[in-house]
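Presented below is the structure to which this report refers.
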């Protein structure tokens, strides 16, 4: 970031910290929605919920939930289910891994993340609007997990969903 007398560096850092926190929170809510959706599909008791669903990492959770829904809910749009969970995987790869495991730099310089397969570092989120877009994507996907997967919902939830753009 260029030196400029009108730019307060602490404000830039605070905005970055806020966006990181908002992303982590939004992603955790998406993950929780998927866990609860799987729990509902499997009809687990409270005692078994954490034992069975708790050990899954995000990718496995998405894969298991998708397969359970595809095999048990033939009344649902299979392509929509696949699309929702493919986008969840993309969000995990493009954003969550970088946010959680990347190296963040001060003054809005974004993060770098090294690929474990190529051993090459890449830069991400130099523009915080890119991270804010990923926050919106997490929220968007959470609603689609709730509605597109045939989860039971009430009228208030359906009203809120009507404002969510389609996949």
Of the residues in segment 51-90, those that are loosely packed, with under 13 Cβ neighbours inside 10 Å, under 18 Å from residue 29 (Cβ atoms) and modelled with pLDDT under 95 number 1
Counting only residues that are out of contact with any helix residue (DSSP H, G or I) (no Cβ under 7 Å at 6 or more places or on another chain), over 29 Å from residue 12 (Cα atoms) and either modelled with pLDDT of 90 or more or loosely packed, with under 15 Cβ neighbours inside 10 Å (or both), segment 117-151 contains a total of 3
Would you be able to tell me the number of residues in segment 72-116 that are more than 24 Å from residue 11 (Cα to Cα) and outside any strand (DSSP E or B)?
-> 26
Before we move on, is residue 32 under 11 Å from the mean Cα position of the chain (by Cα), closer than 15 Å to residue 138 by Cβ, modelled with pLDDT under 95 and part of a helix (DSSP H, G or I)?
-> yes
Of the residues that sit in segment 99-115 and are in contact with a strand residue (DSSP E or B) (Cβ under 8 Å, 6 or more places away or on another chain) and closer than 13 Å to residue 19 by Cα, which one is modelled with the highest pLDDT?
-> 99
Taking only pairs six or more apart or across chains, which ones have beta-carbon atoms under 6 Å, a first residue in segment 122-135 that is at positive phi, and a second residue that is part of a strand (DSSP E or B) and buried (at least 16 other Cβ atoms within 10 Å of the Cβ)?
-> 125/110; 125/111
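The values are calculated or read from the model by the stated rules, or taken from the named source; none is laboratory data. Being a predicted model, the structure only gives us computed values, none of them experimental. Please note: Cβ atoms are built from the backbone with ideal geometry, for glycine as well, and neighbour counts cover all protein chains shown.
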